[in-house]
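Please treat every number below as a calculation from the coordinates, not as lab data. Predicted, not measured: the structure shown is a model, and the values here were computed from it. Here Cβ is always computed from backbone atoms with ideal geometry, including for glycine, and neighbour counts include all displayed protein chains.
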Amino acid sequence: MSDPRRNRFKAYAGVLVSVLLAALAGWVLWRTFQRIRFADVLAQMAAVPASTLALAGLCAAGAFTVLALYEVAVVRYVKQAVGRAKPILTAYIAFPLGHAVGQAMLSGGALRYRMYTPAGFSATEVGATVLLANMPYALGFGLLLDISLVFAAEMLEPMFRISSGWLRVLGLIGLCKDAGYVLLILLRRQPVKLGGWSVNLPTPAMTALQLCVGLADIFLVSAVLYLLLPASMGIPYLAFLGAYLASMLAGVLSHVPAGLGVLESMLLLLLPDVPPEQLLAAVLMYRVIYEIIPVLLALALWGTFEGFSRDGVLLRVFGRQGRSMRGAESPTIDSSE
């Protein structure tokens, strides 16, 4: 198959997967709301203790703080002459907005380009920063999903409708993939060719940091939802993690921003023993705590940056206008005198 035909096939396949997942999500949610009332969902949300909400909020704040501190390390890895304030501010803006908008590599990349180019970053350096900033989630996601498939296969069998033996085989294959990537980092020093691009692999120390950050990030984010679920559901955390990550993967494949509707429908399918009004109440609160509030704070930070920072739009525009006005009012020198 020629490259143009292969690219068209991939594009059509991606669209088909997105449409099918979105349709499945809509069907599941429609069926669910035929059996419950939204007022019951709101009542379940109101019944959650304030202490639980506070602990879930701390987990969400911890996840973004871990990513912000990691951004400092990434920026120093790519370009040494940058302080801590700009990377931390950028992370608190780019990660929530990138997750909410979807296509985090693109949307977060555009924000990082806006934030880092005034600091002297080239387009290549911004691209390297974007890639490194998103790698912990991918590495941690794959590793934790594989671990959950191996060590919680019996508990996941009724959720996935796949035998525990096959789930364990899939998990072991995934762990071999994870180990292969680590060996590649340890043994290969030359750049890796990806299509027409030549990509330098991160150092072993950076890879270890990425794995730690990715594991911490996913643990904290999944804990937000796990804390909000009813204590009576009796699902161990490792089994819940497998269902949560599978639902998140479906949301990513659907290309729906933040997996809206897809995450809910997948969790309804994978956690049938949890009453649907309680599950939907937990997911709605999860979205408020981990998505809506961080996005509002990110927009406020971004507006403050553009309005008051030395690199912001407002001061640059007014500074340019002020310089032009001063130039117009300054006296000219007549050489004929």
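The length gained by stretching the chain between Tyr237 and Val169 to full extension, at 0.36 nm per residue less their Cα-Cα distance, is 22.4 nm.
For the range 55-69, 3J(HN,Hα) computed residue by residue from phi via the Karplus equation (6.51, -1.76, 1.60; θ = phi - 60°) reads 5, 5, x, 5, 5, 5, 4, x, 4, 5, 5, 4, 5, 5, 5 Hz, glycine and proline entered as x.
For the range 222-278, the alpha-carbon radius of gyration amounts to 1.08 times the rule-of-thumb value 2.2 N^0.38 Å expected for a compact globular protein.
Stretching Val199 away from Leu183 to a fully extended chain increases their span by 4.1 nm, per 0.36 nm per residue minus the current alpha-carbon distance. Placing pseudo-labels 7 Å out from each Cα toward the beta carbon at Ala47 and Phe308 gives an inter-label distance of 4.4 nm.
Averaging 1/r over each pair of different alpha-carbon atoms in the range 46-203 and inverting the result gives 18.2 Å, the Kirkwood hydrodynamic radius.
Would you please give the FRET efficiency between Met206 and Arg37, computed as 1/(1 + (r/R0)^6) with r the Cβ-Cβ distance and R0 = 41 Å, to the nearest 0.05? FRET efficiency, Met206 to Arg37: 0.20. Using the Karplus relation 6.51 cos²θ - 1.76 cosθ + 1.60 with θ = phi - 60°, the per-residue 3J(HN,Hα) values for the range 215-220 come to 5, 5, 4, 5, 4, 5 Hz, with x marking Gly and Pro. Each Lys and Arg adds +1 at its Cβ and each Asp and Glu adds -1 at its Cβ; summed about the Cα centre, the range 22-308 shows a dipole of about 700 debye. When only alpha carbons are used to place a centre, the range 280-304 and the range 138-171 end up 30 Å from one another.
Across the alpha-carbon set of the range 22-308, the Rg to Rh ratio works out to 0.98, Rh being the Kirkwood radius. Label sites at Ala123 and Val192, each approximated as a point 7 angstrom past Cα along Cα to Cβ, lie 2.4 nm apart.
Packing-based ranking of 47-54, 90-97 yields 90-97, 47-54, ordered from highest to lowest mean Cβ neighbour count within 10 Å. Amide H contacts for Gly261 (H built 1.01 Å from N in the peptide plane; partners 5 or more residues away or on another chain; cut-off under 5 Å): none found. Note on Met266, Met206, Met159: ascending count of other Cβ atoms within 10 Å places them as Met206, Met159, Met266, the fewest first. A full extension of the chain between Met105 and Ile162 corresponds to an added length of 17.3 nm, given 0.36 nm per residue minus the alpha carbon distance. Exposure proxy ranking for Asp273, Asp178, based on other Cβ atoms within 10 angstrom of each Cβ and starting from the fewest, stands as Asp273, Asp178. Each residue in Lys177, Lys86 was given a count of other beta-carbon atoms within 10 angstrom of its own, and listing them fewest first yields Lys177, Lys86.
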